[in-house]
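The values are calculated or read from the model by the stated rules, or taken from the named source; none is laboratory data. All values reported here derive from a predicted model rather than from experimental measurement. A quick note on method: Cβ atoms are made from the backbone with ideal geometry, for glycine too, and the neighbour counts reach across all protein chains shown. Surface areas here come from the heavy atoms of the whole protein model, side chains and all, with no ligands, DNA or RNA. Shrake-Rupley method; radii C 1.70, N 1.55, O 1.52, S 1.80 Å.
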Amino acid sequence: LLVADEKSNRDIFSMMLRQFGFHVIVAENGAIAWAMIKGLNGQEKEYLVAIVSDILMPELIGMGLLVRVRENSDFKSLPFIFLTASEEEFYELCANCFHVNGYLTKPIRSKDLFDKLSEIFPEKKLTA
């Protein structure tokens, strides 16, 4: 699940993720993403393998989405990666408190995202 409010970011990062071999669904902000996640049935939950999210978005910021995911027993161990333009150390510290799996600051190179996903999914043969 890719979560980003800017269409250009959704387009770029979804293209990267597809090139790496992932099936991608997108949401425009954390509120929409959380509604999508909560609406998954038992079998659909198995297809959600990670969340890649911006931090600063309208309605529900990425940090709020991370907190909700970590507090939900069905998804608390789901890999979660932040992609952000924010260089404020506060966000990274908060993200680490909720066990974020990756924190990448923009501009993000394809290789950076690929390396982080390869680290999280060592058994998956990703394509660059």
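Observations on the model:
- Qualifying GluC sites (Glu not before Pro) in region 85-118, where qualification requires a DSSP coil assignment and no more than 12 other C-beta atoms within 10 Å, comprise Glu87, Glu88.
- Cβ-Cβ FRET estimate between Ser8 and Asp74, R0 fixed at 30 Å, reported to 0.05: 0.40
- 1.4 Å probe accessible area per residue over the chain, in Å²: 56 Å²
- Here the chain has 53 percent of its accessible surface on carbon and sulfur atoms, given a 1.4 Å probe and all protein chains in place.
- Debye intensity ratio I(q)/I(0), log10, the chain, q values 0.16, 0.17, 0.20 Å⁻¹ (C-alpha model): -0.74, -0.85, -1.23
- For Ser53, the amide hydrogen comes within under 5 Å of the amide hydrogens of Val3, Ile81, Phe82, Leu83, counting only partners 5 or more places away or on other chains and with H modelled in the peptide plane.
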